[in-house]
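Asks: Handing you a structure now.
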């Protein structure tokens, strides 16, 4: 019962009713908060947000975000997880937490473009240098490691072109470097493609695994979020304290969406993997196509490493057209697609595509193909419908003006 001596506005905010404890349902509860209420000054002073033993402020976690962090850590085979507002924010957090002026970071030449852009922009402005290496050549990585190297990025497979590197050999090249232990070189993997499903990053020796939870864990193309996972508590604390200082936070409703997506993630990953393999094999037989890039296809760069280390292959594939087709014809092919929509990102329910100029994206490696490239993300539509869409677009390109 409310206190009749109080004004209505006060009573609405400080109403004494508390729901009974013991409610339990399939979805985790959604807790949304900036301010967290403490029962006493002693409790306020004693709370520890650093080890998930209590709550102090919304940015430092709620029951909802703690739950999601634990589930993502388990998914990846790690122990500690930190959530950030996007996959790119996960990349940025690793760089900000580990690198200082005078340090150097090495990045694979086929890496996610914004990772390169962050190095070229903010890191360079902070006095941190970067170099690109050939991820398909562990000896090239070993040769580029130097006294200033503090962080080595890995990506499996490469962004857009989908070369699958030999991750254990790349990690070994770093760990066997004479100065690796003295200067503490850290390996960080962009594991968005593997997503904790295709392989266990920590079994392959990496120190940190980041994901864009925007992709497979969400699955709905309706939320932006990222994660940084590690088995190393010292590295986790570096991430966690940097995360606190820069004020990265994720909303309770966004965490709810990712938690919901995790329930069907394994099924979606398997379905999209199977569909992509069917379409990739079909595209290999089309006369307009010079190459299909997909790690599970024999002959695709890095196939043997994928076959040894992975159990699945996600929803991405890229095709390279024969060089006699102009870029205008390739663009016409993309515009002619009806089910594959033009757009970035992937792993959502709708199939997507986008053309790329690969030579313009490379700095240390030579792109071996002359024709135009289009990357596809295969969604959850029926495979025969997607194949028919590709067939009609290939025909439209074939007879368009070159």
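The values are calculated or read from the model by the stated rules, or taken from the named source; none is laboratory data. Just so it is clear, the structure is predicted and the values come from calculations on it, not from any experiment. Don't worry about glycine lacking a Cβ; one is built from the backbone with ideal geometry, like all the others, and counts go over all protein chains shown.
Asks: When you scan region 260-273, how many residues do you find that are free of Cβ contacts under 8 Å to residues at least 24 places away in the same chain and assigned to a helix (DSSP H, G or I)?
Replies: Count: 1.
Asks: Please verify whether residue 60 is in contact (Cβ under 8 Å) with a residue 60 or more places away in the chain, under 10 Å from residue 252 (Cα atoms) and under 26 Å from the mean Cα position of the chain (by Cα), treating the condition exactly as stated.
Replies: On the way: in contact (Cβ under 8 Å) with a residue 60 or more places away in the chain: yes; under 10 Å from residue 252 (Cα atoms): no; under 26 Å from the mean Cα position of the chain (by Cα): yes.
When the stated conditions are applied, residue 60 does not pass them.
Asks: Further question: Might you let me know whether region 158-173 holds any residue that is under 28 Å from residue 344 (Cβ atoms) and not in a loop (DSSP other than H, G, I, E, B)?
Replies: For region 158-173, residues under 28 Å from residue 344 (Cβ atoms) and not in a loop (DSSP other than H, G, I, E, B): present.
Asks: OK, next. Could you count how many residues in region 31-57 are closer than 18 Å to residue 255 by Cβ, surrounded by 11 or more Cβ atoms within 10 Å (Cβ to Cβ) and at pLDDT 90 or above?
Replies: 7
Asks: Restricting the search to region 297-317, which residues are more than 20 Å from residue 368 (Cα to Cα) and without any contact (Cβ under 8 Å) to a residue 60 or more places away in the chain?
Replies: 307, 308
Asks: Does any residue of region 11-28 turn out to be touching a helix residue (DSSP H, G or I) at 6+ places or on another chain (Cβ under 8 Å) and under 18 Å from residue 224 (Cα atoms)?
Replies: no
Matching residues to (1) touching a strand residue (DSSP E or B) at 6+ places or on another chain (Cβ under 8 Å); (2) within 30 Å of residue 150 (Cβ to Cβ):
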{"site": "207", "(1), (2)": "yes, yes"}
{"site": "213", "(1), (2)": "yes, yes"}
{"site": "220", "(1), (2)": "no, no"}
{"site": "227", "(1), (2)": "yes, yes"}
{"site": "242", "(1), (2)": "no, yes"}
{"site": "258", "(1), (2)": "no, no"}
{"site": "282", "(1), (2)": "no, no"}
{"site": "296", "(1), (2)": "no, no"}
{"site": "306", "(1), (2)": "no, yes"}
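Asks: Test residue 287 against the stated conditions and say whether it is over 30 Å from residue 168 (Cβ atoms), assigned by TED's automatic domain parsing to the domain that holds residue 394 and surrounded by fewer than 17 Cβ atoms within 10 Å (Cβ to Cβ).
Replies: Yes.
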